[in-house]
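Q: One structure follows; several queries about it will come next.
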Amino acid sequence: MATDLVLRRLGALDLDVASRLHGEAFAPLGERAWTRQDMAELLASSGVAGWAAQSDESVLGMVLCRVATDEAELLTIAVQPAARRRGAGRALLNAVIAHARKAGAGALFLEVGADNPAALGLYGQAGFQAVGNRKSYYRRGEGAPADAVVMRLTLTSGE
């Protein structure tokens, strides 16, 4: 990971860049980018938290998660295409895992496109296990829809 990478809480002033990052990550797959308003509504929701990964003055990635009682969900994670495979995604994922543990969640869930090997690898390396499949969950523009793999990470104090 780059030594100058800093994680900080995502706030209202980050909504435009968070929306842009989401678009850069998911629009090429044919998905609808989340808008500034989408991000604002999520961040205002109970149990939702987010982080930005920043290097110098540039935000390289963002993540949003939700904790409800004893479960947590990774809602979205996006890293600038040019900054991928340099540790920002892993750092953001680790922030979510730490937050979920601290909040008392026993498990962290996420959904990822079955056609996204980089993300599947990241989550697998972090200890997530596939626990289900959602057929044709992601719309991929004009192409065929993609299945979602539902993944779960068991959170215990010993991990």
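The values are calculated or read from the model by the stated rules, or taken from the named source; none is laboratory data. Here the structure is a predicted model, which is why all the values come from computation and not from measurement. Note: areas computed on protein heavy atoms with side chains; ligands, DNA, RNA excluded. Shrake-Rupley method; radii C 1.70, N 1.55, O 1.52, S 1.80 Å.
Q: Add -39500 (n - 2.57) for each DSSP H run of 4 or more in the chain, then divide by its residues: what number comes out at 222 nm, to the nearest 500 deg cm²/dmol?
A: -8500 deg cm²/dmol
Q: Something else about it: Cα-based Rg of segment 1-92 per 2.2 N^0.38 Å, rounded to two decimals?
A: 1.03
Q: Need the C-alpha centroid separation for segment 27-48 versus segment 88-159, integer Å.
A: The distance from the Cα centre of segment 27-48 to that of segment 88-159 comes to 17 Å.
Q: Using a 1.4 angstrom probe on the protein heavy atoms only, line up 31, 24 by accessible area, largest first.
A: Working: 31 40, 24 65 Å².
Accessible-area ranking of 31, 24, largest first: 24, 31.
Q: Which helices, counted as full DSSP H runs in the chain, have an axial Cα extent of no less than 18 Å and a Kyte-Doolittle average of -1.0 or above?
A: In the chain, the long hydrophobic H runs are 88-102.
Q: Let me ask something additional. Probe radius 1.4 Å, ligands and nucleic acids left out: which of 26, 128 has the largest accessible area, and how do the rest follow?
A: Sorted by accessible area, descending: 26, 128.
Q: Calculate, in nm to one decimal, what residue 94 and residue 44 gain on full extension: separation in residues at 0.36 nm each, minus their alpha carbon distance.
A: Residue separation times 0.36 nm, minus the Cα-Cα distance, leaves 15.8 nm.
Q: Hey, could you grab the Kirkwood Rh for the chain? Inverse mean 1/r over distinct alpha carbon pairs, Å, one decimal.
A: The answer is 15.9 Å.
Q: Using every alpha carbon pair in segment 107-158, what percent of pairs falls into each 5 Å bin from 0 up to the bin containing the largest distance?
A: Here the calculated profile for segment 107-158 is 5, 22, 27, 21, 13, 7, 3, 1, 1, 0.
Q: Further question: When the Kirkwood hydrodynamic radius is evaluated over all pairs of different C-alpha atoms of segment 1-51, what value in angstrom, to one decimal, is obtained?
A: It is 12.0 Å.
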